[in-house]
Each structure stands twice: as C-alpha cells, then as structure tokens.
Amino acid sequence: MRFVCRRRVPDAGPLHRADPHARRQLGPRLAERLAARPEPSTSCTKVVRFFDRWLKGEANGLDAEPPVVWFERDAADPEPFPEAWPGRWRAADAYPHPATLIRPFLFEGGTAPLAGRLVERGPVAPGVDEYRHRPTVGTRGSLSWGAGGIPNGLARDLRPDEALGPTFTSAGLIEPLSILGEPVVVLHLAVDLPVATAVVRLADVAPDGTSSWVSAGILNLTHRRSDTDPEPLVAGELIEVRVPLRHAGYRFEPGHRIRVSVASSAWPVIWPSPYPATFALHRGDATPSRIELPVIPAAGGPTDRPVPAFKTTPPDLRDVGGGGASDAPQWRIEEDVIAGAVTVTIHDGGGDVLEDGRRLYAAETLRLTASDRDPAAATLDADVVYRWAETGHAIEIRARSRQTSDVAAFDITVDLAVDLDGVRFFDPLVAGADPAPAGLTALSSPSGSCRRPRRGPPRSRSPGSPARGTRPGARRSRGRKARPGSPISTRVPRPAATRSHASIRAAIVSS
C-alpha cells in the first residue's frame with residue numbers, strides 16, 4: 001500500500017524534481033502490524049502535518065524531513081492475518097530512489113514442464129510453455145488485494161496456485177537484494193482466443209520451499225496497447241506485453257530465491273475471461289520474457305536519509321458510544337469436484353451504538369463461484385443489509401443482487417426492500433407496497449433495465465482494488481421503468497473485444 005500526499009504539477013519526473021513540497025510514505029496499510037520501530041500510529045498524522053504546513057503556514061519541521069519514507073519488508077511466513085511484519089523504515093531524497101538500477105531476470109526452461117528458471121545472463125535457449133485458462137486459480141492470494149483486516153486477509157503459501165501454471169525461480173541469492181518501486185514483467189505470448197487476461201505474481205521462496213507473496217500485476221490483454229481503445233487478440237499472433245506489478249519495498253535475504261508465476265485468472269479478485277483459451281509463453285534470446293526489478297542499495301548506504309520521528313501514540317478520537325458487536329467474519333473457499341467449480345464466501349458485519357443511543361448495523365455477504373469447465377459461467381450473489389434505530393423507529397434496508405455471465409453477456413438483477421417498524425415500506429416486487437405512516441413519503445420507483453456495452457474481463461465487486469485495464473465505466477443507454485412485480489435487471493452485452501468490464505457495484509449504481 002502506498003500513501004501519497006502531493007500537489008498536481010506539470011512535471012512528471014522524480015518526486016524531488018517535480019515538487020519540492022511533495023511528501024510520500026509507502027508501507028503496509030495496517031502500520032500497527034509492523035515489527036519495525038518506531039511505528040507511525042496512523043497515516044492521517046502525516047496528512048494533518050502536511051496541511052498544517054502548506055495551508056496554515058505552520059513551521060512544523062516538515063520541510064526538513066526527507067520527501068520519501070518507506071517500509072522495507074523482510075521475509076516472513078505467509079499468514080492471512082499476521083500479528084507483525086519484520087522490516088525497517090527507510091528514507092530517501094526522491095521516488096523513484098535516486099540509485100535505482102533496473103535488473104532484468106530472464107525466463108529460462110527447466111528440467112520439468114512449466115517449472116523454469118530465472119537467470120540474469122543469457123544466452124537463453126528458445127522454448128515455449130503452454131498452459132490453459134483456469135478461472136478458479138488465485139484463491140491462495142490476498143483477498144481485496146491485501147487489506148489485512150479480517151475477513152480481507154493477505155496471501156498464504158502460493159505453491160498450490162503456482163503448480164497450475166508456468167513458474168520461473170532463481171538460484172539461491174548470495175547477497176541480500178532490496179527493491180523499491182514498480183517491478184515489470186515482460187511476456188511474449190500467443191493466445192488462441194480474442195479475450196484473455198495475464199496475471200503475474202512475484203514471490204519470495206524460502207529455503208524450505210514456502211512461497212510468499214511480494215507483489216502482483218494483472219493485465220486485460222485487450223488493453224495491451226491502450227486502455228481507451230482496446231482491441232481483440234488475434235488467434236496465434238505472438239505479442240509482447242508489459243505487465244506492471246504493484247509498487248513494493250522488499251528485501252530478499254541470502255539463501256532465498258526469487259520466483260515469478262504466470263496465470264490467466266486471480267479468482268475472486270477479477271471476473272474470469274469467458275473463453276477456454278490456451279496460452280503459449282515464449283522465451284529465449286529472440287523472445288526475452290523476463291521480470292525487471294527496481295533494485296536499490298542496501299539500507300545504511302550514502303543515498304539513505306535519516307528516518308523522521310513518527311508519532312507513536314494513538315490518535316486523539318472522541319468517544320462516540322459503545323456496546324456494538326461484530327458478526328463472526330467468514331472467508332470460506334469450497335471446491336465442487338463434480339462441477340469443477342470453486343466458491344468463495346465472504347461475510348463482514350457488525351453494529352454500533354452512538355452516544356445518544358442511536359444504533360446502526362451493517363453487513364455484507366458475498367458468494368462468488370467460478371468454473372474451470374465453463375469459464376464464461378461465473379456468478380456473484382450479494383446480500384447487503386442496513387438497520388438503523390432512532391426516536392422509536394426501526395428501519396431496515398436490504399438489497400439482494402445476483403450477477404451471472406455467459407459468453408454473450410452479463411445479467412445483473414437487484415431486489416431492494418425497505419421496512420419501517422417491521423412493516424414493508426417499499427418493495428418493487430409488490431404492487432402498491434407503500435404503508436408509509438403519516439408524515440413520511442414512500443420511495444419512488446427505481447429505474448429498470450438498461451443495455452450497456454461490456455468493457456474487457458470484468459472484476460467482482462469485492463475483493464480488490466482495480467487492476468490495470470479493469471476500470472469501471474460505460475455509457476448509459478435509455479432503459480424502461482421497472483414495473484411492480486419485477487426486480488431491477490440489467491443486461492450487459494459481452495462482445496469479443498471491449499473496454500474494461502464494469503464491476504457489480506458500478507453497474508448497479510450507474511443504472
């Protein structure tokens with residue numbers, strides 16, 4: 001995760017040249033989980049100091065601090081909800097680091113199919129790794145791209161996922177290797193169908209074989225040249241694509257190995273591409289598939305700056321009540337061997353009691369299913385409920401939605417119901433449902449179905465931040481009003497090549 005506090009400037013160069021007032025802090029979202037000391041209690045402290053300096057004019061010492069501070073993480077056993085992460089805070093004069101060296105590691109064949117090597121020097125013999133699209137691959141990775149709070153956990157040991165696609169692993173490192181920035185994987189690919197996805201993970205392999213997540217990147221291959229003007233793949237055409245990975249600050253220890261794995265899906269973070277495609281990953285001197293790592297000097301070198309002191313006390317927050325309770329969270333993965341499907345169920349919810357006695361409860365349950373036998377047939381069922389109690393009234397708002405897909409389109413259906421004091425206040429499925437008490441007005445009827453062009457391989461709502469080539473957005477066309485007795489429905493055509501696909505939430509909101 002990165003935290004950025006900077007102004008808009010025309011120069012897009014390194015941070016110290018672009019804006020002398022800019023400050024950037026990079027590190028895990030949950031700083032309280034870091035083993036390094038001192039710890040920042042919250043990124044908000046940095047934001048407040050920044051605004052105090054440049055909006056209020058306070059001389060708070062921010063000018064003298066280094067413009068870039070980051071947490072360099074060390075290897076640790078992969079845990080979905082770690083108690084601590086080992087590492088250290090570092091600081092420098094610019095981002096990218098002024099001493100960054102891009103070191104390429106080439107993909108080379110190995111002694112077993114799909115189990116290759118990473119090498120720094122050629123020549124590399126030509127070869128091809130063929131693998132098929134597996135929509136259910138990805139469940140060993142982070143949920144929600146790595147929030148770290150239950151139930152949105154971090155990645156576990158990646159080996160079960162890695163066994164289902166090409167991997168390339170270096171020899172054990174002789175010396176530590178630190179990276180800071182955006183790793184990039186260059187793939188030379190041929191795919192036999194017009195829509196497909198490339199998913200790449202960077203991992204740290206411990207001496208005992210445990211494979212721990214370092215970073216990852218996703219590219220909708222119809223966006224290989226442009227996010228605004230996507231184009232279909234040409235069956236069998238060999239293309240070169242660059243897949244940027246998430247920015248990372250990490251130190252590989254001596255004896256550990258660097259691993260790159262390639263897949264076609266990251267379930268349930270992204271919606272699977274719809275075709276049973278076969279991929280051919282080419283390697284060799286003429287087709288140098290590789291990873292480019294942004295390597296920096298070890299901590300304590302001449303380019304490092306002293307790390308500023310962090311505020312380590314808890315933030316000053318007003319007590320706004322208590323007595324609330326959280327639901328038991330769920331993150332469950334189920335495999336249906338007969339159907340060849342994998343279902344991920346997620347639940348998060350809980351209630352709060354405010355200081356004046358008002359109560360709020362909110363919960364969300366998601367159930368996502370993907371199938372290796374039919375990549376186009378994926379489903380997402382969502383159940384969202386809000387309950388609010390005040391001044392003697394109890395309100396419940398409940399939305400249930402279902403998103404399904406096939407090769408041709410997505411189908412999205414939403415049922416919405418509102419109860420007031422245990423009596424149905426609004427329900428589009430019931431004609432004339434409006435028993436509103438005196439002084440209250442019933443909700444108006446919602447808009448109904450609409451048709452919208454599909455935009456690239458879609459992502460599910462839940463679990464993730466958008467990957468490259470998967471931004472929501474589509475032009476709305478005229479629809480018809482929903483009639484009582486039918487749910488709110490949306491049919492989204494799914495042509496062979498489109499822009500990025502809408503998430504379930506974006507599709508419903510923009511309707």
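To the nearest 0.05, how large is the calculated FRET efficiency for A91 and D208 if R₀ is 22 Å and r is the Cβ-Cβ distance?
It comes to 0.10.
Given axes a ≥ b ≥ c from the Cα gyration tensor, I'd like to know whether region 237-289 is rounded (a/c under 1.5), prolate (a/b larger than b/c) or oblate.
oblate
Within region 171-214, what residues put their amide N at less than 19 Å from the label point 7 Å along the Cα-to-Cβ vector of E253?
171-180, 203-214
Between D406 and A328, take the C-beta separation as r, use R0 = 41 Å, and let me know the FRET efficiency to the nearest 0.05.
Computed FRET efficiency for D406 and A328 comes out at 0.75.
Could you tell me whether region 106-222 comes out rounded, prolate or oblate from its Cα gyration tensor? Rule is a ≥ b ≥ c as square roots of the eigenvalues, rounded for a/c under 1.5, then prolate if a/b exceeds b/c, otherwise oblate.
Cα axes put region 106-222 in the oblate bin.
Please pull out the direction-averaged projected area of region 237-364, using the convex hull of its alpha-carbon atoms, in nm² to one decimal place.
16.8
When the chain is fully extended, how far beyond the present Cα-Cα distance does W54 get from R318, taking 0.36 nm per residue of separation?
The W54-R318 span can extend by a further 92.4 nm.
How long is region 63-147 along each principal axis, judged by its Cα atoms, biggest number first, in Å?
53, 36, 21
Go through L187, L416 and list them by solvent-accessible area, largest first, probe radius 1.4 Å.
The residues order as L416, L187, largest area first.
If I model a spin label as a point 7 Å beyond the Cα along the Cα-Cβ vector, how far apart are those points for D285 and E335 in nm?
For the pair D285/E335, the computed spacing is 4.2 nm.
Calculate the FRET efficiency for T391 and R424 from the Cβ-Cβ distance with a Förster distance of 30 Å, rounded to the nearest 0.05.
Once the sixth-power term is evaluated, E becomes 0.90.
Run the quick spin-label model on F81 and D356: label points 7 Å from Cα toward the beta carbon, then report their separation in nm to one decimal.
3.4
Taking the Cβ of D419 as the centre, find all other residues whose Cβ is under 11 Å away and add up their charges (Lys, Arg: +1; Asp, Glu: -1).
It works out to a net charge of 0.
State, to one decimal in nm, how far the label point of E240 lies from the label point of T303, with both points 7 Å from Cα in the Cβ direction.
Using points 7 Å along Cα→Cβ, the separation is 2.5 nm.
The values are calculated or read from the model by the stated rules, or taken from the named source; none is laboratory data. Quick caveat, the model's predicted, so the values are computed rather than measured. Virtual Cβ from ideal backbone geometry, glycine too; neighbours counted across all protein chains shown. These accessible areas exclude ligands, DNA and RNA; they are computed on the full protein's heavy atoms, side chains included. Shrake-Rupley method; radii C 1.70, N 1.55, O 1.52, S 1.80 Å.
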